[in-house]
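The values are calculated or read from the model by the stated rules, or taken from the named source; none is laboratory data. Computed from a prediction, not measured in an experiment: that's the story for all the values here. With ideal geometry, Cβ positions are generated from the backbone for all residues, glycine too; neighbour counts draw on all protein chains shown. Just the protein is used for accessible areas: all its heavy atoms, side chains included, with ligands, DNA and RNA removed. Shrake-Rupley method; radii C 1.70, N 1.55, O 1.52, S 1.80 Å.
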Amino acid sequence: MEQRHLGRTGLRVSRIGLGTLTWGRDTDEHDAADQLKVFWDAGGTLVDTADVYGGGEAEHLLGGFLDNLVPRQDLVIATKAGSVPDPYRRFDGSRGHLLAALDASLRRLGTDYVDLWQIHAFDPVTPLDETLQALDLAVSSGRVRYAGVSNFSGWQLAKAATWQLAAPGQRTRLACTQMEYSLLQRGVEREVLPAARDLGVGLLPSSPLGRGVLTGKYRTGTPSGSRGASEQLAPFVEPYLDDAASRIVDAVATAADGLATTPLQVALAWVRDRPGVVAPVVGARNARQLTEALSVEALSLPDEICQALDDVSAPVHRYPDQDWSTL
């Protein structure tokens with residue numbers, strides 16, 4: 001699999017990442033092991049997790065596979081901290097919480113460092129410099145090699161990245177930001193992606209298949225066993241089952257027919273090769289689904305197909321953001 005630099009850093013990662021959101025919850029140990037082995041065999045390196053995935057079980061499962069299934073040095077382990085199970089405070093970016101969460105992640109992963117550590121979301125009640133200092137301390141202590149953020153708006157990302165760049169050699173530059181991005185969700189193009197490209201921050205798209213809708217499996221209803229049929233994940237999928245999304249999915253299916261491939265591969269190739277994107281993070285229910293996603297490595301969309309998909313999925317830009325995007 002082709003490797004790409006993560007932002008303006010020396011770290012190289014596979015241009016498709018493996019997501020573990022459902023590990024330890026909907027994906028059991030056997031299926032998780034099969035996924036990781038398939039991913040590694042295909043040349044994948046970037047494995048994305050978080051301290052809250054499966055209540056910590058995703059990290060625990062991944063840690064059990066390191067060296068026993070896949071050599072630790074062959075993987076770029078990325079995890080996150082900052083989300084908390086508190087109905088009154090969804091995110092905690094305090095230095096104390098973040099560093100304690102990192103130590104807990106390392107114990108579950110059974111490793112003394114993570115390759116990439118990301119702040120899961122912006123905490124509006126903690127000073128941003130305190131949050132970012134946790135990144136600096138984690139890197140300087142050797143527990144983290146590279147740092148990034150997730151779910152930051154355009155101004156939040158620009159403020160954080162600029163703060164880190166203001167003291168080179170003392171503060172750790174942000175390597176990446178993780179945000180949802182797909183043909184069904186192009187909102188990051190308004191401010192986040194232009195800011196990331198200008199500041200040398202790579203984008204790791206989450207839900208690159210539109211929460212599964214872009215595979216086309218919901219065109220005739222909700223299949224049993226799908227995320228849309230899950231009590232936990234149905235509200236996550238439902239917003240992308242409207243008429244506007246249906247038109248985009250139809251266009252993706254038409255392009256797939258013309259290229260003799262699948263809607264999944266077309267949708268994934270489109271986001272993978274967008275300007276500023278480093279590696280879409282793909283979550284699969286089983287190894288078979290993941291194998292289909294990884295087969296996109298051989299596919300590059302023709303320019304005319306990309307343009308047609310751009311046109312049918314184009315977000316509406318009006319004042320004041322009509323001139324903000326540089327894509």
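Once you charge only the Cβ atoms, +1 for Lys and Arg and -1 for Asp and Glu, what is the size of the charge dipole of the chain about its Cα centre, to the nearest 20 debye? Don't skip to the end; give the middle numbers.
On the way: 31 positive and 41 negative charges, 109 e Å.
I would put it at about 520 debye.
Which of rounded, prolate, oblate describes the stretch 210-327, given a ≥ b ≥ c as roots of the alpha-carbon gyration tensor eigenvalues and a/c under 1.5 marking rounded, otherwise prolate only if a/b is larger than b/c? Could you put the intermediate results ahead of the total?
Numbers: a/c = 1.63, a/b = 1.23, b/c = 1.33.
Judged from the Cα gyration tensor, the stretch 210-327 comes out oblate (a/c at least 1.5, b/c at or above a/b).
Can you give the accessible area of R274, probe radius 1.4 Å, in Å² rounded to 10?
For R274, solvent-accessible area is about 40 Å².
What ranking do 255-265, 176-186 get when scored by the average of other Cβ atoms within 10 Å per residue, highest first?
Values: 255-265: 17.5, 176-186: 23.5.
The packing order, highest mean first, is 176-186, 255-265.
Report, by chain and number, residues whose modeled amide H sits under 5 Å from the one on A147, excluding near sequence neighbours (fewer than 5 apart, same chain).
W117, A175
Normalised by the number of residues in the stretch 192-327, what is the relative contact order in percent for Cα pairs under 8 Å and 6+ residues apart? Intermediate results must be reported in sequence, preceding the final value.
Working: 134 pairs, mean separation 42.5, N = 136.
Result for the stretch 192-327 is 31 percent.
As a test of reading the structure, rank K80, K37 by solvent-accessible area (1.4 Å probe, protein chains only), most first. Before the final figure, lay out the partial values.
Working: K80 0, K37 70 Å².
From most accessible down to least: K37, K80.
List residues of the stretch 167-194, by number, whose backbone nitrogen lies under 14 Å from a label position 7 Å along Cα→C-beta of R247.
It comes to 184, nothing else.
In what sequence, highest mean first, do 104-111, 199-206 appear when ranked by Cβ atoms within 10 angstrom?
Working: 104-111: 18.5, 199-206: 23.4.
So the peptides 104-111, 199-206, ranked by packing, come out 199-206, 104-111.
Which percent of the accessible area of the chain is formed by carbon and sulfur heavy atoms (probe 1.4 angstrom)? Spell out each step's value before the answer.
Working: 6990 of 14080 Å².
Exposed carbon and sulfur together represent 50 percent of the surface.
Among A100, L135, H60, whose Cα lies farthest out toward the positive end of the dipole of the stretch 1-143, if unit charges sit on the beta carbon of Lys, Arg (+1) and Asp, Glu (-1)?
Of the candidates, L135 comes out farthest on the positive side.
GNM on the chain, C-alpha springs below 10 Å: top fluctuator among S83, S150, S140?
Result: S140 has the largest fluctuation of those listed.
Averaging sequence separations of C-alpha pairs under 8 Å and six or more residues apart, then dividing by the length of the chain, give the relative contact order as a whole percent.
The normalised contact order for the chain reaches 18 percent.
Using the Karplus curve 6.51 cos²θ - 1.76 cosθ + 1.60 with θ = phi - 60°, work out ³J(HN,Hα) for each residue of the stretch 203-209 in order, rounded to whole Hz, and write x for Gly and Pro.
9, 10, x, 9, 6, x, 9
Using Cα pairs under 8 angstrom and six or more residues apart, how large is the relative contact order of the stretch 1-137, in percent?
Working: 207 pairs, mean separation 28.7, N = 137.
The normalised contact order for the stretch 1-137 reaches 21 percent.
For Y181, enumerate residues with amide H under 5 Å from its amide H, sequence gap 5+ or separate chain, H modeled in the peptide plane.
Sorted by chain and number, the residues that satisfy this are S206.
Helix-only estimate, please: 222 nm mean residue ellipticity of the chain, summing -39500 (n - 2.57) across DSSP H runs of length 4 or more and dividing by its residues, to the nearest 500.
Numbers: 11 runs with 120 residues, N = 327.
That calculation yields -11000 deg cm²/dmol at 222 nm.
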